[in-house]
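Here, each number is a calculation from the coordinates, and none is a lab measurement. It should be emphasised that the depicted structure is a prediction, and the values quoted were computed from it without experimental measurement. Don't worry about glycine lacking a Cβ; one is built from the backbone with ideal geometry, like all the others, and counts go over all protein chains shown.
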């Protein structure tokens, strides 16, 4: 049992909810003009980030992003139509294949990374190294508790 008061718990919940909302809205505003060039939405960012690390199957993308298969299929179709991804299928009937970023897709993913890194730098500008380490340690504990609820 921990010694967190109900007031502290409520404050933490409020802060986490507010941070999540404000950051999501801010990041969306920063990246949407770039995504609009390719008729993409913020939902495509996760796919682009994962594929920047290398090829992946549709199943792996679905599992990594915790989305349903139909969502992944729609995202891949849209990115393929925009010329951002390709695949290694030998023919159209192949069921298992890897998708990967084209050079145009890599360029977009890297541009998104730059925008998001600048935003992160702004979000953390007044946080000392020591505070950042405590924050990371605290969030890792929360993550562990979520993943291992016992």
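Compared with the alpha-carbon gap, the fully stretched path from residue 126 to residue 6 is longer by 40.4 nm at 0.36 nm per residue.
Ellipticity at 222 nm from helices only: DSSP H runs of n ≥ 4 in the chain, each -39500 (n - 2.57), divided by the residue count, give -22500 deg cm²/dmol. Here the simple spin-label model places points 7 Å from the Cα toward Cβ, and for residue 52 and residue 148 these points are separated by 3.1 nm.
For the chain, the relative contact order is 22 percent, taking Cα pairs closer than 8 Å that sit 6 or more residues apart in sequence and dividing their mean separation by the residue count. At a Förster distance of 25 Å, what's the computed FRET efficiency of residue 90 paired with residue 110, Cβ-Cβ distance as r, to 0.05? Result of the calculation: an efficiency of 0.30.
The range 82-104 to the range 6-30: how many Å between their Cα centroids? With the range 82-104 and the range 6-30 each reduced to a Cα centre, they are spaced 37 Å. As I understand it, the value is the acute angle between the Cα axis of helix 6-36 and the longest principal axis of the Cα atoms of the chain; what does it come to in degrees, rounded to 10? Helix 6-36 sits roughly 30 degrees off the main axis of the chain.
Taking 23, 79, 116 in turn, the Gaussian network model of the chain (Cα-Cα springs below 10 Å) assigns the largest fluctuation to 23.
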